[in-house]
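Remarks on the structure that follows.
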Amino acid sequence: MSDLPEIRPTNDMSAEERRRLVESMRPEDAETVPELHEVGVPDELRQAIETAMSRYPQIRSAALPALWAVQRHYGWCTPEGMRQAAAVMGVTPGYLESLATFYDLYRTTPVGRHQVLVCHNISCWMRGADDLLRAFCEAAGAGAQEADHGGVSSADGELFVSGFECLGACDIAPMASIDERYYGPLEAGDARTAVDQLRSGAEVLPDKALAKRQAAGGPEPEPDPRVSRAEAGPAAPQAEPRGRPEVTETRMLFRRVDEPGLASIDTYRRLGGYRSLERAFHDLEPEELLGVLEESGLRGRGGAGFSMGRKASFLPRGETSKYLCCNADESEPGTFKDRELMEKNPHQLIEGVAIAALAAGAGWGFVFIRGEYAEVADILDRAVAEAYEAGYLGENILGTGSRVEVVVHRGAGAYICGEETALLDSLEGKRGNPRLKPPFPAIEGLYGGPTLINNVETLSNVPHIVANGAEWFKGFGTEQSPGTKVVSVSGCVQRPGNYEVELGIPARELIHGLAGGPPEGREVKAWFPGGSSAPVLTAAELDLPYSFEAMADAGSMLGSGAIIVADDSISIPELALRTARFYHHESCGKCTPCREGTNWTVKMLERVMSGEATPMDLDIIASVQENIIGHCLCVLGDSMAMPVGSMVAKFRSEFEETIARARDAVPVHAAEPAVPLAPEPGGSGGEAEQPPVDVGSVGT
Ligand SMILES: Cc1cc2nc3c(=O)[nH]c(=O)nc-3n(C[C@H](O)[C@H](O)[C@H](O)COP(=O)(O)O)c2cc1C
Ligand code: SF4
Ligand code: FES
């Protein structure tokens, strides 16, 4: 720093002095970046980080892979490991530390050698996750309380057990991720077996491993009589989607999903795969492709339901560097369709990514996959390598001179990174914070370039539309919701799973017909039609058509297409509390209504559950939700406010009964309701520990 000019932080600085001052403040300031020779990076670690750096147009994007490499090497993100990674990447250790502390899957303190993450989000909770977590803690000799709040390691350092948010496998609820592999449905008794197996080095719960049961290429399951094998897809353009005699699936994306070896390029090609890509690259101009996609009416399947073709057409034409990002973050509780689509048919997605990139003029495609889907990321990596080998990706696709590079990018555990602009920040190697819009990503997205962002299911539709045409696609579904939809159904149903149906079929057919309805003797009480962020509907609304427009007309939304069913054994106030806790945990904290509103809501719902609330507090809970909606930078705040608000509105008497029951159940002195909403002594300083007295001030 000695050669820096004397800096005078005043308005009369020259432009050069100002430039140098700013540079001296940047985190990559040369003095704080460790020199390679000072830190002695192990060869294997250095190689892993350098390989990651070489895969991106900008090396900062390798920050998350670099931290994964550190964690793999040392068992956790050690300060020494982060200094070494910082030296290789030419960034400050502080920069990497700021990432390691943001993402839930990085460990910044030593933890047990084997990691057990037990999902305690709503679908797993409804099916016994609390007992499962306790059983794992008991078996490991770890405290359940700590496991539920950030995780705990066993005394012998062998195990780390943690309660975790939805892991995208509610079809096998209750479930756990053990050393990055998924297991379920689990019973409390499985915990002891799994812990013993981990300690002895034996294979863990072989009959409960998701990968074993669902491995693409594994044994074909019994034919399911409920499935109509609609002859849709690139291989069969003459689909006949109409005229279902009984409740059936209409499979297009899931067609032949259980074909052994479908995840391999040979099988995929044998079944007609990559013909759409050949057609797109050889016979169609990008404008024609855009026209077909727009004409098909395909709506985004990630949540907002925006027209895919229109969004692609917003990207400016011309020679600028453009990007495509496939959103495979899939963290909305109740949603697990993208996981199965990628796990079983990864080439369908890769084909869609390459065609959509061609249509949008993007030279790079990134698949941003949630960090927990380690097994699926491996499947995708293999499939991408096969596609490169076959000439479907890379510099000169099929000899046409067109270039599309595809990188599978693994996140690290942050729901907010599913929000498209937070995803972009994360992909650029930053903490995942939503950006202010406009500018929208189509104009200014990844690395500042125009970027098309679409969900896995949206892009998986693309090869089918290119093969069969827009009119064919519109023959499925409703006028405003064309096509099929893979719907994840979970919670209190007898056959949780993904079902692909034409949009517009009655929701009852999905919940009762395909998913088998609630267990014997139980009734549907409430259901989320579009993941846990959708306002709940009741049993009286089961006959509504399952389409974007009908769900919106009913005051809810189709969202990501994930139905979570609560039967009459489920406490709605507790469901509201679990829902609120999730969004509170995931709030990035950037805006006040979301950061404070989710906190207040959790605290107020805890008072409902403990009997400390008064019925008046229910009005305040409702009012807080109203003041969050529409007042935040992104819709994460609304994602809590909408379902919680709907539960209070539709099940108010149950909230009142819960308060009364809880109050009756505790000794008189403890049950005295506090003066509603008065501050409690000893709140934790800066954090807003108390609900607001003036509800009107929220979000203003
Ligand atoms: C908090 C939040 C989380 C989101 N999570 C996801 C997600 O996991 N997957 C996804 O595809 N879209 C998610 N979205 C929606 C994306 O922002 C974006 O709309 C979508 O990826 C666009 O793709 P589509 O048009 O194909 O649906 C999320 C949005 C918000 C506000
Ligand atoms: S709404 Fe919540 S998650 Fe979204 S930017 Fe604001 S604080 Fe962050
Ligand atoms: S995997 Fe447990 S709620 Fe989704």
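Restricting the first member to the stretch 635-649 and to residues that are in the same structural domain as Met557 (by TED's automatic domain parsing) and of a type in the set (Val, Ile, Thr), and the second to residues that are modelled with pLDDT under 95 and not in a loop (DSSP other than H, G, I, E, B), no beta-carbon pair is closer than 6 Å while six or more apart or on different chains. In this structure, Pro346 does not qualify as within 12 Å of ligand 1 (Cβ to nearest atom) and of a type outside the set (Lys, Arg). State which residue is farthest from the chain's Cα centre (by Cα) when the search covers only the stretch 284-340 and only residues that are in a loop (DSSP other than H, G, I, E, B) and among the polar types (S, T, N, Q). Filtering first and then ranking leaves Thr320. Scanning the stretch 359-379 for residues that are crowded, with 24+ Cβ neighbours inside 10 Å and more than 12 Å from the chain's Cα centre (by Cα) yields a count of 7. Remark: pairs (first residue in the stretch 424-437, without any contact (Cβ under 8 Å) to a residue 24 or more places away in the chain; second residue within 12 Å of ligand 1 (Cβ to nearest atom) and in a loop (DSSP other than H, G, I, E, B); Cβ separation under 6 Å; 6+ apart in sequence or on different chains) = Asp425/Gly432; Asp425/Asn433. Among the residues of this structure, Ser307 does not count as one that is more than 16 Å from ligand 3 (Cβ to nearest atom), surrounded by 24 or more Cβ atoms within 10 Å (Cβ to Cβ) and more than 30 Å from His584 (Cα to Cα).
When Gln494 is tested against (1) assigned to a loop (DSSP other than H, G, I, E, B); (2) more than 16 Å from ligand 3 (Cβ to nearest atom); (3) surrounded by 22 or more Cβ atoms within 10 Å (Cβ to Cβ); (4) outside the structural domain of Asn327 (by TED's automatic domain parsing), only condition (3) is not met.
Output yes when any residue across the stretch 436-446 is within 16 Å of ligand 3 (Cβ to nearest atom) and in a helix (DSSP H, G or I), and no when none is. Among the residues of the stretch 436-446, not one is within 16 Å of ligand 3 (Cβ to nearest atom) and in a helix (DSSP H, G or I), which makes the answer no.
A quick yes/no check of all residues on (1) within 16 Å of ligand 3 (Cβ to nearest atom); (2) at pLDDT 95 or above:
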position: Arg578; (1), (2): yes, yes
position: Arg581; (1), (2): yes, yes
position: Gly589; (1), (2): no, no
position: Met604; (1), (2): no, yes
position: Gly611; (1), (2): no, yes
position: Thr614; (1), (2): no, no
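Quick check on the stretch 517-524. Is at least one of its residues out of contact with any Asp or Glu (no Cβ under 9 Å at 6 or more places or on another chain) and at negative phi? So far as the stretch 517-524 goes, yes, one or more of its residues are out of contact with any Asp or Glu (no Cβ under 9 Å at 6 or more places or on another chain) and at negative phi. Across the stretch 105-135, which residue is surrounded by the most Cβ atoms within 10 Å (Cβ to Cβ) among those that are farther than 28 Å from Thr78 by Cα and more than 10 Å from ligand 3 (Cβ to nearest atom)? Out of the qualifying residues, it is Leu132.
Ser532: small (Gly, Ala, Ser), part of a loop (DSSP other than H, G, I, E, B), within 16 Å of ligand 2 (Cβ to nearest atom) and under 19 Å from Cys170 (Cα atoms), yes or no? Criteria met by Ser532. Only one of the numbered conditions (1) at positive phi; (2) more than 15 Å from ligand 3 (Cβ to nearest atom) is not met by Met551, and that is (1).
Among the residues of the stretch 414-434, those that are closer than 11 Å to Phe102 by Cα and in a loop (DSSP other than H, G, I, E, B) comprise Ala414, Lys430, Arg431, Gly432, Asn433.
Here are the criteria: (1) in contact with a His (Cβ under 8 Å, 6 or more places away or on another chain); (2) surrounded by fewer than 21 Cβ atoms within 10 Å (Cβ to Cβ); (3) not hydroxyl-bearing (Ser, Thr, Tyr). Tell me which single one Pro593 does not satisfy. That leaves (2) as the condition not met. Evaluating Val88 against the criteria (1) within 28 Å of Ala63 (Cβ to Cβ); (2) more than 16 Å from ligand 3 (Cβ to nearest atom); (3) in contact with a Leu (Cβ under 6 Å, 6 or more places away or on another chain) leaves one unmet condition, (3).
Residue-by-condition table, conditions (1) touching a residue at least 40 places away in the same chain (Cβ under 8 Å); (2) closer than 15 Å to Ile628 by Cβ:
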{"position": "Ala526", "(1), (2)": "yes, no"}
{"position": "Ala554", "(1), (2)": "no, no"}
{"position": "Gly561", "(1), (2)": "yes, no"}
{"position": "Ala566", "(1), (2)": "yes, no"}
{"position": "Ser571", "(1), (2)": "yes, no"}
{"position": "Leu575", "(1), (2)": "yes, no"}
{"position": "Tyr583", "(1), (2)": "yes, yes"}
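For Gly184, indicate whether it is away from ligand 2 (no atom under 16 Å from the Cβ) and surrounded by fewer than 23 Cβ atoms within 10 Å (Cβ to Cβ). Considered against the rule, which asks whether it is away from ligand 2 (no atom under 16 Å from the Cβ) and surrounded by fewer than 23 Cβ atoms within 10 Å (Cβ to Cβ), Gly184 comes out as no.
Restricting attention to the stretch 136-150, which residues are within 16 Å of ligand 3 (Cβ to nearest atom) and buried (at least 20 other Cβ atoms within 10 Å of the Cβ)? If you could, list the steps in order and put the result at the bottom.
At the first step, the residues of the stretch 136-150 found to be within 16 Å of ligand 3 (Cβ to nearest atom) are 136, 147-148.
Across the stretch 136-150, the qualifying residues are Phe136, Ala147.
Report yes if some residue within the stretch 603-624 is without any contact (Cβ under 8 Å) to a residue 12 or more places away in the chain and either under 30 Å from Arg339 (Cα atoms) or within 16 Å of ligand 1 (Cβ to nearest atom) (or both); otherwise report no. No.
Within the stretch 631-641, the set of residues being surrounded by fewer than 24 Cβ atoms within 10 Å (Cβ to Cβ) and within 13 Å of ligand 1 (Cβ to nearest atom) comprises Cys632, Leu633, Cys634, Val635, Asp638.
The values are calculated or read from the model by the stated rules, or taken from the named source; none is laboratory data. Here the structure is a predicted model, which means the values were calculated and not measured. A quick note on method: Cβ atoms are made from the backbone with ideal geometry, for glycine too, and the neighbour counts reach across all protein chains shown.
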